[in-house]
Structure formats: C-alpha cells, structure tokens
Amino acid sequence: MITEEKRKVVDLFTQGRKLYKLMQFGEAMKYFGEALKIDQKDGPSKVYYLRCKFYVDNPPPEDWDGVFVMTTK
C-alpha cells in the first residue's frame, strides 16, 4: 500500500516530468523541489531536479528529443 505522502511525491514528480518534456525546466524544478521537500531521498526527483538545473543554464537544442546525454563521468 502506498502512503499519502508517497502519493503526493509521485504526483509532484509526474507534473514535473510533463513540464520537463515541454522544456519548461524552471517550472519543472519547482515540482521536483516540492517532491524533495516531502522526501529528500526520492531519487527520481533528485535526478530530474539536477537535470533541469543543468538545462536552465545550458538549454538543449529546439529539436531536443528529451534524452539527457551525460558528458562527464
């Protein structure tokens, strides 16, 4: 059974992911950040938060297909 807290994290992540796909990285960060306030250990929200932060500073090309290409190890 999923807790109400975890359900909220999943809902916030889902909203953030939709915005991420639309290349609205600043807005998406807000949702991932809210999810992390509830559960600091939520791995997916943390990963996408950091990706959004990267893309805010380094926008992908207009024809971006949503794939994150890791350039460093």
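For the chain, the residue among Thr3, Pro61, Gly26 whose Cα projects farthest onto the positive side of the dipole built from Cβ charges is Thr3.
Measuring gaps between exposed loop sites in the chain (chymotrypsin sites (Phe, Trp or Tyr not before Pro); DSSP loop; at most 14 other Cβ atoms within 10 Å), the longest gap, sites not included, is 1-63.
So what's the net charge close to Val67: Lys and Arg +1, Asp and Glu -1, counting the other residues with Cβ under 12 Å from its Cβ? Before the final figure, lay out the partial values.
On the way: positive: Lys21, Arg51; negative: Asp63, Asp65.
Its environment carries a net charge of 0.
The fraction of all Cα pairs in the chain landing in successive 5 Å bins from 0 to the largest distance is 3, 17, 29, 22, 14, 9, 4, 2, 0, given as whole percents.
Seen against the Cα atoms of the chain and their longest principal axis, helix 43-57 is set at about 30 degrees.
Between helix 25-38 and the chain there is an angle of about 30 degrees, using the helix long axis and the longest principal axis of the Cα atoms. The modelled label-to-label distance for the pair Lys21/Asp65, using points 7 Å beyond Cα in the direction of Cβ, is 1.6 nm.
Each reported figure results from applying straightforward, stated rules to the coordinates on display, with no laboratory input. All figures in this text were calculated on a predicted structure; none of them were measured in a lab. All Cβ positions, even for glycine, are placed from backbone atoms using ideal geometry, and neighbour counts span all protein chains on display.
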